[in-house]
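The values are calculated or read from the model by the stated rules, or taken from the named source; none is laboratory data. Note that the structure is a prediction, hence the values are computed from the model and not measured. When we count neighbours, we look across all protein chains shown, and the Cβ atoms used for this are built from the backbone with ideal geometry, even at glycine. The area values use the complete protein model at the heavy-atom level, side chains included, leaving out ligands, DNA and RNA. Shrake-Rupley method; radii C 1.70, N 1.55, O 1.52, S 1.80 Å.
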Amino acid sequence: MALDRWIALILLGICLAYGYTAWFTMDGSLAPFMQRNPIWPSTFPKVLSVMGVVACTVILLGFETSQPKDADIDYRRLHEYNLGQAVLLLVLMVGYALCLRPLGFLLSTSGFLILGSVLLGERKWHIMLPVSLIAAGGVWYLVQEVLGIYMRPLPGFLGG
């Protein structure tokens, strides 16, 4: 079995467990007044699990492709890919998650976007800096002001 089908099989198991949780266990603790709502907190997880099961089944049954292409990942030649770059990006993601509370959302998100783009090969600083600052500020504004969910924008010692 090809690598994409093995990954689809693993993701199918995850989607089935996620779907079971969404369909059978999430709605048990709803308050009585919420049980009359047309959309429950489990609605989006239910949709995601069904879409994931359908997508994984399509890949497992081989409907998405008729023959392998040259651009497919060959697991026998993994040493030729940029695995170091991918691992560093994963380490950067973990570092970002660990820095969210101590550094605040704006600094850690801007730093993640800047370091991630440098890691992926971007060298145009005059584009990279404004885009990362505007993206971090825009997401913070939407979550904080529009949705009303508090996110610490700056580190605690700066008054955030």
### Query
Residues in region 1-16 that are open to solvent by less than 60 Å² (accessible area, probe 1.4 Å) and at pLDDT 85 or above: how many?
4
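Identify, please: which residue in region 21-33 is surrounded by 12 or more Cβ atoms within 10 Å (Cβ to Cβ) and of a type outside the set (D, E, K, R) and is, among those, farthest from residue 57 (Cα to Cα)?
At the first step, the residues of region 21-33 found to be surrounded by 12 or more Cβ atoms within 10 Å (Cβ to Cβ) are 21-23, 26-27, 30.
Imposing the further condition that a residue be of a type outside the set (D, E, K, R) reduces the set to 21-23, 26, 30.
Numbers: 21: 19, 22: 19, 23: 19, 26: 24, 30: 31 Å.
In this case the residue turns out to be 30.
Which members of region 21-34 meet the condition of being under 20 Å from residue 51 (Cα atoms) and without any contact (Cβ under 8 Å) to a residue 24 or more places away in the chain?
Kept after step one, since they are under 20 Å from residue 51 (Cα atoms), are these residues of region 21-34: 21-27.
If the condition is that a residue be under 20 Å from residue 51 (Cα atoms) and without any contact (Cβ under 8 Å) to a residue 24 or more places away in the chain, then 24, 25, 26, 27 are the ones that fit.
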## Note on the structure
The number of residues in region 103-130 that are outside any helix (DSSP H, G or I) and open to solvent by 80 Å² or more (accessible area, probe 1.4 Å) is 3
## Note on the structure
Result of the Cβ filter at 7 Å on region 100-125, keeping first residues that are closer than 13 Å to residue 140 by Cβ and partners that are open to solvent by 60 Å² or more (accessible area, probe 1.4 Å) and of a type in the set (D, E, K, R), at least 6 apart or interchain, is 104/152; 105/152
### Task
Would you please list the contacts, defined by Cβ atoms under 7 Å and residues six or more apart or on different chains, that run from a residue in region 46-65 that is open to solvent by 70 Å² or more (accessible area, probe 1.4 Å) to a residue that is part of a helix (DSSP H, G or I) and hydrophobic (A, V, I, L, M, F, W, C)?
64/58
### Task
Can you tell me which residue among 98, 89, 133 is open to solvent by less than 90 Å² (accessible area, probe 1.4 Å) and either aliphatic (A, V, I, L, M) or over 19 Å from residue 152 (Cα atoms) (or both)?
89
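Residue-wise test of (1) part of a loop (DSSP other than H, G, I, E, B); (2) within 21 Å of the chain's Cα centre (by Cα); (3) at pLDDT 85 or above.
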{"position": "76", "(1), (2), (3)": "no, no, no"}
{"position": "84", "(1), (2), (3)": "no, yes, no"}
{"position": "97", "(1), (2), (3)": "no, yes, yes"}
{"position": "101", "(1), (2), (3)": "no, yes, yes"}
